[in-house]
Amino acid sequence: MISRDPLDALDREDSLAGFRDQFELPENIVYLDGNSLGPMPRRTLARMIDVVREEWGQTLIRSWNEHDWISMPQRVGDGIAKVVGAAEGEVIAADSTSINLFKLLAAACRMRPDRRVILTEAGNFPTDIYIAEGLISLLGDGYELRAVEKAEIQSAIDDSVAVAVLTHVDYRTGEMLDMAAVTRTAHDVGALMLWDLSHSAGAVPVALAAADADFAVGCGYKYLNGGPGAPAFLFVAKRIQAAARQPLSGWMGHAAPFEFEPGYRPADGILRHLCGTPPIIAMAALEEGVTLFLEAEMEEIRRKSVLLSECFIALVEQECDGHGFELASPRDAARRGSQASFRHRNGYAIMQALIARGVIGDFRTPDILRFGFAPLYVSFADVWRAVAMLKEVMITAAVT
């Protein structure tokens, strides 16, 4: 195995090294699955105790005002806006990614009533496709989902497309689309553009405003470390907020929710994309994750992310040469999110063997081993140990 010394030197020089101590991480575990579920920030536990014992326990319903529960979706959303390159008042934390996707796809179709096509990538994250299919089954009236291969995306966006819905960073391979170029293609033919940022937000630089994006969704439990099932978020550009009306007209999205009017009037701006009462405990956990993330510089996060994945790829290809691994992620770091994926015909068994040895990544069917690199808590020593364990598995376990 290659010497660990150069990677130890990178850890000593790491400007983000101090963030690792701000997370609850089990001893003797290398955690490379933060792109499925981020670990808990240490500060979150204290916040949860305070919210449950003091705010809910002692202040009861008065906490909606006294502890400003009522504005948490906007407050957390404004924090996330800084992560994804949006302006204040363009992002709100609410619901799940799937529900938010439904809301925004419906709003987009309503804004382009003369068009009947929702365009996506055939390999998009399945729930995105499922949600689009469900919406189309409700709309009827000739609507269709057009799924194309990644290489065909830009040529397939034509004047029949109401909205294109694409994932910025591929959940399997980490391949990253050119957000600005694809959005420009959509706008050139009058289509709207909706981005899924679930594997982008907190992992790679995102510039929704600079790309002139229309809509976006994303989750809070991956790189934002908001906890299992954390509230998701949605983005609507201010220039189209007055025209974008989502179909889940719940009371929290009403212009005057506490007047209890018999008819629905959508609130102004991003607030109209709320639906039901926000989950305060979960929202508070997400707020801690977002606040911690914003203490780091995105430029440094990306620099370390690239270094981590480059080191990992180089070591796997050097130390596991001849064991049947094929890089599934783009080799060019500029086209790769904060992960590295390899194909192997026995990928599932290999990943299970790694997990048994304390290296936690994940497997995606049919043959992809996926390793996520969250720079706030993953170290270069983690990379070294992960590859050492992978090499041990391939030498000692019957999985080749």
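The values are calculated or read from the model by the stated rules, or taken from the named source; none is laboratory data. Just so it is clear, the model here is predicted, and its values are computed rather than measured. FYI the Cβ positions are ideal-geometry reconstructions off the backbone, even for glycines, and counts take in every protein chain you see. What goes into the accessible areas is simple: the full protein's heavy atoms, side chains included, and nothing from ligands, DNA or RNA. Shrake-Rupley method; radii C 1.70, N 1.55, O 1.52, S 1.80 Å.
Keeping all protein chains in place, calculate the accessible area per residue for the stretch 33-189 (probe 1.4 angstrom), answer in Å².
43
Hey, quick one: spin label on residue 36, modelled 7 Å out along Cα-Cβ, who in the stretch 331-366 has an amide N within reach, i.e. under 11 Å?
Hits in the stretch 331-366 for residue 36 at 11 Å: 351-352, 355, 360-365.
Below 8 Å, C-alpha to C-alpha, sequence gap of six or more: please give me the relative contact order for the stretch 249-363 in percent.
15
So what's the stretch 264-378 giving for Cα Rg divided by 2.2 N^0.38 Å, two decimals?
Compactness ratio reported: 1.45.
How many angstrom lie between the C-alpha centres of the stretch 19-38 and the stretch 337-365?
16
Rounded to the nearest 10 degrees, what's the angle between the helix 280-293 long axis and the longest principal axis of the chain, both from Cα atoms, 0 to 90?
Relative to the chain, helix 280-293 is tipped by roughly 50 degrees.
Given a 1.4 angstrom probe, I'd like the percentage of the accessible area of the chain that is carbon and sulfur, rounded to a whole number.
53
Can you pull the accessible area of residue 10 for me, 1.4 Å probe, Å² to the nearest 10?
So the heavy atoms of residue 10 present about 40 Å² to solvent.
Calculate the translational D of the chain in whole µm² s⁻¹ from Stokes-Einstein, where the hydrodynamic radius comes from the Kirkwood formula applied to all Cα pairs, the temperature is 25 °C and the viscosity 0.890 mPa s.
Rounded, D is 111 µm²/s.
Here are some pairs, 103/150; 238/304; 82/391; 222/304; which of them have Cα atoms lying more than 29 Å apart in this structure?
238/304; 82/391
³J(HN,Hα) across the stretch 338-347 via Karplus (A = 6.51, B = -1.76, C = 1.60, θ = phi - 60°), whole Hz, x for Gly/Pro?
Result, rounded to whole Hz: 8, 7, 9, 10, 10, 9, 7, 5, 10, x.
With a 1.4 Å probe and every protein chain left in place, tell me how much accessible area residue 391 has, in Å² to the nearest 10.
Here the residue's solvent-accessible area equals roughly 50 Å².
Once a ≥ b ≥ c are taken as the square roots of the eigenvalues of the Cα gyration tensor of the stretch 346-400, is the result rounded (a/c under 1.5), prolate (a/b larger than b/c) or oblate (a/b not larger than b/c)?
The shape class here is oblate.
Need the C-alpha centroid separation for the stretch 118-148 versus the stretch 292-313, integer Å.
Taking the Cα centre of the stretch 292-313 as reference, the centre of the stretch 118-148 is 34 Å away.
So how far apart, in nm, are the two label points at residue 395 and residue 62 if each is 7 Å from Cα heading toward Cβ?
6.6
Given that compact globular proteins tend to follow 2.2 N^0.38 Å, what is the ratio of the alpha-carbon Rg of the stretch 214-286 to that value?
1.21
Going by amide H atoms built from the backbone, whose H comes under 5 Å of the H on residue 218, apart from near neighbours?
Amide H neighbours of residue 218: 197, 233.
What angle, in degrees between 0 and 90 and rounded to the nearest 10, separates the Cα long axis of helix 380-396 from the longest principal axis of the Cα atoms of the chain?
60
Suppose we keep just the DSSP beta bridges with both residues in the chain; what percent of those would be antiparallel, to 5?
55
Which ³J(HN,Hα) values in Hz, rounded to whole numbers, follow from the phi angles of the stretch 119-131 under the Karplus curve 6.51 cos²θ - 1.76 cosθ + 1.60, where θ = phi - 60° and Gly and Pro get x?
9, 8, 8, 4, x, 4, 4, x, 4, 4, 5, 4, 5
What number, in percent, do you get for the relative contact order of the chain if the mean sequence gap of Cα pairs under 8 Å and at least 6 apart is divided by its residue count?
23
Efficiency by 1/(1 + (r/R0)^6): what FRET value for residue 249 and residue 331, r their Cβ-Cβ distance, R0 = 35 Å, to the nearest 0.05?
0.15
Once you have the alpha carbon radius of gyration of the stretch 176-239, what is it after dividing by 2.2 N^0.38 Å, with N set to its residue count?
1.17
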